[in-house]
1. Can you find even one residue in region B:49-57 that is buried (at least 18 other Cβ atoms within 10 Å of the Cβ), under 25 Å from B:Phe358 (Cα atoms), basic (Lys, Arg) and modelled with pLDDT of 95 or more?
2. Hey, B:Lys364 hits all of (1) within 14 Å of chain A (Cβ to nearest Cβ); (2) under 30 Å from B:Asp265 (Cα atoms); (3) basic (Lys, Arg) but one; which does it fall short on?
3. List the number of the failed condition for A:Asn57; all other conditions in (1) more than 9 Å from chain B (Cβ to nearest Cβ); (2) within 22 Å of B:Gln411 (Cβ to Cβ); (3) assigned to a loop (DSSP other than H, G, I, E, B); (4) at pLDDT 95 or above hold.
4. So A:Thr107 clears everything in (1) at positive phi; (2) within 14 Å of chain B (Cβ to nearest Cβ) except one condition, right? Which one?
5. Consider A:Asp366 against the criteria (1) within 16 Å of A:Glu461 (Cα to Cα); (2) of a type in the set (Asp, Glu); (3) in contact (Cβ under 8 Å) with a residue 24 or more places away in the chain: it satisfies all of them except one. Which criterion is unmet?
6. Kindly list the number of the only condition in (1) free of Cβ contacts under 8 Å to residues at least 24 places away in the same chain; (2) within 14 Å of chain B (Cβ to nearest Cβ) that fails for A:Glu408.
7. Mind listing whichever residues of region A:395-425 are exposed (fewer than 14 other Cβ atoms within 10 Å of the Cβ) and assigned to a strand (DSSP E or B)?
8. Could you list, ordered by first residue, the pairs with Cβ atoms under 8 Å in which the first is in region B:511-526 and in a helix (DSSP H, G or I) and the second is among the aromatic types (Phe, Trp, Tyr) and at pLDDT 95 or above, at least 6 apart or interchain?
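The values are calculated or read from the model by the stated rules, or taken from the named source; none is laboratory data. Please read these numbers as outputs of a predicted model, since none were measured by experiment. All Cβ positions, glycine included, derive from the backbone under ideal geometry; neighbour counts span all protein chains shown.
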Amino acid sequence: MTCLHLLLTLVFAVSLGTPVEIQRPRGVPLTKKPFYEENKPFTCLDGSRTIPFDRVNDDYCDCKDGSDEPGTAACPNGSFHCTNAGYRPMFIPSSRINDGICDCCDTTDEYNSGAKCENTCKELGLKERDVLQKMAEITKEGFLLKQQLIEEAKKGREEKQGKVTDMQENKKQLEEKVEALRTVKETAEQPEKEAKERHLKAWEEQKAAIRLEKDKAKMAEAFLELDDNADGFVSVSELQSHAELDPDADGTLTETEVQGLMGGAAQVDTSTFESVWTNIKDKYHSEVSREESQPEEPAPVETPPEEVKEPVVDNDSEPFPEDDISEEEDEDEDDEDDYHEDDDKVRVYITQKTGASINFSDLSFDFGPDAEFTYLYSQCYELTTSEYIYRLCPFNRVSQKPKYGGSETNLGTWGSWSGPENNKYLVMKYEHGTGCWQGPNRSTTVKLTCGKETVVTSTSEPSRCEYLMEFTTPAVCQEPANMDLLPHGHEEL
Amino acid sequence: MAVISIERMGLLSVFCVCLFFSSAFAVDRGNFKTCDQSSFCKRQRALKPGQSPYRALLETLELSDSRLTLQLINDNNKVHLLLELYRLQGNMTRVKINELKPLKPRFEVPDVLIAEPPTEPLSVLSKDDNGIVLSLGAESQRLIVSARPFRLDIMEGPEVLLSLNSRGLLAFEHLHLRKDTQAQPDGAEVKESVDGDQQQDEVEKDEDGEGDKEQDGLWEETFKSHTDTKPNGPTSISLDFSLPGVEHVYGIPEHADDLKLKTTDGGDPYRLYNLDVFQYELYNPMALYGSIPVMLAHNTQRTMGIFWLNAAETWVDISSNTAGKTVFGKMLDFVQGSSEKPQTDIRWISESGIIDVFIMLGPKPSDVFSQYASLTGTQSFPPLASLGYHQCRWNYNDQEDVKSVDQGFDQHDIPYDFIWLDIEHADGKRYFTWDPHKFSQPKEMLQGLMDKRRKMVAIVDPHIKVDSGYKIHSEITSKDFYVKNKDGRNYEGWCWPGNSGYPDFTIPEMRAWWASMFAYDQYEGSMENLFTWNDMNEPSVFNGPEVTMHKDALHGKWEHREIHNIYGLYVQMATAEGQIQRSGGVERPFVLTRAFFAGSQRFGAVWTGDNAAEWGHLKISIPMCLSLGLVGVSFCGADIGGFFKNPSTELLVRWYQTGAYQPFFRAHAHLDTTRREPWLFGPENTALIREVIRQRYALLPYWYQLFFQAYRTGMPVMRPLWVDYPKDTVTFTIDDEFLIGSDLLVHPITEEGSRGVTAYLPGAGEVWYDVHTFQKHNGAQNLYIPVTLSSIPVFQRGGSIIPRKDRVRRSSACMENDPYTLYVALSPKKFARGKLYIDDGHSFNYDTKKEFIHRSLTFANNALTSSNLCPDCNFLTSSWIEKVLILGASKPSKVVLKMDGKETPVDFEFDSSMSVLTLRKPGMNAGDDWTLLLQ
C-alpha cells in the first residue's frame, strides 16, 4: 500500500513537474483522505461514533481515537501528518501542533503559534540523500570487505581443521602410549585409585562439554554444507538433498517430511538450526565424509589424566586440542585458577609447537553466521579520549588506562553477543570487569555498526561502571539493498 | 537500651561506649551527637521540673503602648533577666527573655522576620503582689504574669491556652568569665552551670576540680577528635511550654519521622541542627539538613503555634500525660470522669542566643498559617515551569548525554521542564564554571533546551575550592568574605573540590557580591533558562565535627555556633537574589536548597535530601513534606526513585505516582546507580510513568493556583487532612494520605506488591469523586480501594471546581495558551466552587503590574458562573474553556451560555451511569465573565 502510494506520488511529481496540494483536512495523510469526505458525516476511524463533518478539526476532541482532530492539538492521542515535500513525510503527536516548536520541516505543524519556522525540507532531503548515499557506499564497500573476511575465515578454519585432525591423530597415538603406561601405573599405584575417582567426575563433565562443543562445531559445519546457496538460511530444498535423513526410511525424503524435521519452517538460520540439528544429527552424513568416506571423529579420550594439574602434556608429543576449550573448565571450581594457568601453559606450548598464527581456542567462539568476525580475534583497537585510553580486544576484554600514567582497569571480559533478537551480532557484551567501589563490576556494551574501517569511534559511561563503546566493522555490513529503492527526490503532492 | 543505662555512669564512659558501639553497628549514627554527647543538652536535660528559681520583679514593670518589660531574677545566683512582652497584630504574643546586663551582647537572629512585627496595645487589667493580668486585645484573652515563681499563662475565658515556665524549666546560662582565668568574682557570678537550683550541688562539686569542668564541656568539649573551644563558655537557654487539652503536636522539621510528633521521654529530644547526614535513618529524632523551629498544637477546638526564633543547635523535648495510655485507659478516664485533662508539655533548649518566642494563637489552622506567614513571609511564587517534572541525576555526563536524554523524553512522549546537572558539570567542582571537555559549549546546550522550551538547573554549592587561579576564590579572598576559624584565619574544610573555603553568607555585602556572580556576564555560559541548586549548605564539611563547620569558627564577631541553622537560608537567599538581579528584577528565580531555616520559604524549593531507594523512604516522603508545609515551606519534594541504591521497577513506578502529587516533582539518583530515565524499564512501565507525569501536567493550573494562594496567604499546598477537617479526630494522625489544596485527596501506594489500600475520606455528609472513574463516594468513611500497578488513588472533593489543561505537551511552556477543562464536582447540595489563576508564568509582573487573571468559579442553582476576583488586574490570555465536566449532575434539557448579554446554546452529553454532564466547547475566553445555565 505504502509503496504503491509512494510510487503514485512520484509519478505525479514527474509528470506535473510542480507539486499540487490535494485538498484534504489538515494533518490527514493522503492514504486516509477517503475517510474524510467533505460535507458527509465523519465516522471516527475506530468506528466509535459519527459526527457532522464540521466537527472535524474544530479544535474539540470528539473521537476516542483522536481521528476527528488530525490537524489540531485537541485530542490527547491524536497524530498529525506532515507531508514534508522534499524530505520524508512523518507523523507527530498532536500535542506538538502549535506548541511553538518546529517539528515538521515543512512548518505545517506551527500554523497558529507564532513560532517562526522555516521550511528546511529541501536541505534535509539533500542532506539525507547525501548521508544515505555515503552510507550506501560504505555498506557496499563494507559488504565486499565482509565477503573477503568470510572467505579468509573459511580458509583459516579449514587450515586449522586440518591441523586439528593431525593433532587428533597424534593424540590418538599418545593415548595409546598413555593407555599402556596407565596399565603399568595402575598396578603400581593402586592406592591412588580413590583419589583419581574424584577427578573422574570432573573429567567426565569436561568431556561432555567437549562433546557438546564438537557437536556444535559439527552443527555449524553441517549448516554451512547444507546452505548450498550460502544465503545464511537452510531451506527445505537444501535439506531435501540429504536422503539419509528420511524419517520413515521409505527411501524418499518428501518435502513434508523435511518440513517436519524443520519444525514447519520454510527455512532456518543458524540460531534456529539448532532445533533442526537435534532432529537430524544422528542420521546426517557430512558431504565430506560421504565423499571421502572418512571415519568418524577419533574416539573420545576415555582415560582421565593422572593429575589434573598436569594434563597430559608430554614433552615429546602434541597436547590435546580439547584442552583449549577453556570455557568449560569453569565447572571445576576448586582448581579454576590453576586450570586457567595450565590452560595458558598449554596454549603457549601449542603456539610454540605449531606457530603463532594458529590458536585453537577460537574454534569455541561464535564468530558470526559466516565467521565474519574471526578477523577481530586476537586484535585490539584503541580510542584515546581527553582522560583515558580505551582498548577493545574483541572476544577477549575491554580496558581503560589513564592517559597520563596509572594502572589499567578491566572494563569487562568477553561475555556474549547480545544484540536484538533479529540480529544478535550487533552488540557485544563484556562483563565482570574490575569491581567498582560500593558498586557493581564494570561492564561494557559494544555497539557494532557497518563501516569500512575497524575502529572504536566513541566510548561513554552512561551509568556508573557501565560503559558503552561504539565500534565500526565491515563484518556487520548487510548486503546493500538495490540502490534504486533508496528514496531519492520523491515528493508527496 | 544498653547505651542508655550505661550513659548514667558518667560522661567519660559514655564517650568510650558510644564510640565503641558506633563503630560496631551504626557508623552513621556514631557520627552525630546524641543529647548526652552535646554538653548543653545534657546539662539542661538533667534539670527536673519543679520549683523555678526565677521570680518576676513586678516593681520593675514598664508598659509603653505595646511593649511591656519586666525584670526576672534568679534567686540562686541573683542574675537579672529582662522579659519583654509584645502583643502582635493578628492574635500573636511575643515573649523575649535576655540577660538584663550581659557581659557582651547575646546573638539575636536577623533576616528571618520580614519586618518588625506590628504590635497592638497591651493594657494592665489588674496587678497585685502575686502578679499582673494583662488584656490581649478585644477577645476575652488575658495574659497572666505570676511573680513567684515566674510563670506566664495565656487564657481565653476560663481556659488556659498555654503556659510558659509552668514546669519551671526556664534556664538561662548567663555569660560570665571563666573562673580559672579571672580573679574570684562575687559569689553569684561563679555558678557555671544551668542556673537551676537542682544543679547547684553538682555545680559546686564541679568547681572543685579543673578536670571535672573540662568533662562537663562548659569551656571546651570534644566530639570524635573535634574540639570546640567555647571561649564564651556555657550560654544555653531553655524554656518549657504547657498545652492543656492538646494531644497532637506537629512541625519542627526536618526529621525523618511521622507527621504527629512523638513524646521524647526515654529517648533523645528532636534535634534541630542542620547536618549532612549520610544515609539517614527513618523514624528517629535525629537532626537532618534543615531546621524550622516552629511547632503546631492542635485539638478539635483550636490550633496554635510556637515559633522559637533561635538559629543555634536546638533540642525539643515533648511529653504528654496521655501518651502512655491505651485507648482503653483513656476510655476509663472518660467513664470515671477522670479530672485529668490531656496535656502536652514542650521544652525548647538552645545552645546560645536569647529566648525569643512567638506564640500564635490561631484559633483556626488557617489563622496559624497566616500568623506565621506575617512573621516570616510566605512561599515564594515559583515560575510555573518549576511545578512541572524535573529530571536529575548525578550526573548527566556531558552535553551529548543531556541532548540524548532530552530527545529520549520526546521519543517517548513524556513531558518535562527541567534537566539538572550535578557537581560533575563544573570544572573540578569550581562552581560557576563548566568542565571544558564535557560541557565545552554550555550556551549551545542551553539554547538547544530553550528551542524545546525547556530549562536547566546547574548546581552551585557554597564550598569554594581553594585555588588561586579560580576567580570566585580569589575574589572572596581579596574581599575577605570567607568564614574565619577561631584564630582569625580563613576557615578551610574538606568538601567535593578538596580543600575549600566557606563564604560568609551572613555578611550582607558578601551576599550582594555572590548575587552579582549570577549576572550573565559573570557566570559564563549561563542563560536565562539556567537556574540554580544549592546543595551542601548546612554547611557540609567532610572533615568537620558532625560533617559540618566548627562551632568556634567566626562570622565577624559571632561564632558559627550562633548562626549555624541559618547559614543555608542565607545561601539560598543570595542565590535567589542573584537570579532576580540578572534579569533586572523582572524574572522569578528558581533555587532549590537542601538546608533551610524559618523563612527559607521566601527563596524557593527544598527537598528531603539524600534518601534511598527503599519503600520506607517513599512512605516517609509524605510526613516529611507535610511537616514542612505546616511551617511555611510548601515547595517540597523527595528524590523520586530514591537517591542511594537502585529501586525496583515497582518502587520506581510507585514513586513517580507519589511524586507527581507532591509539590516539587524531581527524579534524582546517585552517581553509583544504574540509569533510570523513565523509558528504561520496558514499554509497560514507561507507559505507567508517562501517564502519571501527564496527570501532573494536566493539573498544573490547579497547582499554580494553589501556589499563588500559598504565596498570598501562607496556606500550605500539600497539607494534612486535619488542616481542612480540624474537628475530625480521625484525621489527626493520618500521614499516609494528604490533601493538595482543599480539593484533591491523594492516597499514594507505598507498599510493595500492594493489591489494595484503605483510604480515609473525611467529611461527614460530603462526597468525593474518584478522578479517574468519576465514581462518587461518601465522606467520613474508610474506603477500600483495590489497586493495580497503574492505580494512584486520587479523589476530588464534592463542592470543588478544578481547572485542568488536558492537552498535555512536552513542557509546561508549550501548554501556555492551551484551553482549560473545568472539573466541577458537585456537593450533595449541588454546589461547587473553585478558582482560576493565570499569568505569564515566569515574571514578577503579576506583582509589579497586576498582570494576572484571578477568577472565582461558582456552581449554584444550576448555574456555573465565572466572576472576577481582581477587577483592577489586567492580563490577556488566549486560553479558553474547551470543556466543562459536571460530576454528580442530573441531565438538563438545555444548556445555555450567557455572556455579554447574549445567550447561546451549548451542546452537551450526559453519562447517566456516573452522572457526568459534559458541556461541549462552550468556548469562552478564560478571562471573561460568563454564566453557563443548565435548564
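1. Keep residues of region B:49-57 that are buried (at least 18 other Cβ atoms within 10 Å of the Cβ), which gives B:52-54, B:56.
Remaining after also requiring under 25 Å from B:Phe358 (Cα atoms): B:52-54, B:56.
In the following step, the residues that additionally are basic (Lys, Arg) were identified as none.
No, every residue in region B:49-57 fails to be buried (at least 18 other Cβ atoms within 10 Å of the Cβ), under 25 Å from B:Phe358 (Cα atoms), basic (Lys, Arg) and modelled with pLDDT of 95 or more.
2. Status for B:Lys364: all satisfied but (1).
3. For A:Asn57, the failing item is (2).
4. (2)
5. A:Asp366 satisfies all of (1) within 16 Å of A:Glu461 (Cα to Cα); (2) of a type in the set (Asp, Glu); (3) in contact (Cβ under 8 Å) with a residue 24 or more places away in the chain except (1).
6. The one condition A:Glu408 does not meet is (2).
7. If the condition is that a residue be exposed (fewer than 14 other Cβ atoms within 10 Å of the Cβ) and assigned to a strand (DSSP E or B), then A:Pro402, A:Ser416 are the ones that fit.
8. Listed by first residue and then by second, the contacts come to B:Arg511/B:Phe505; B:Arg511/B:Tyr570; B:Trp513/B:Phe481; B:Trp514/B:Phe505.
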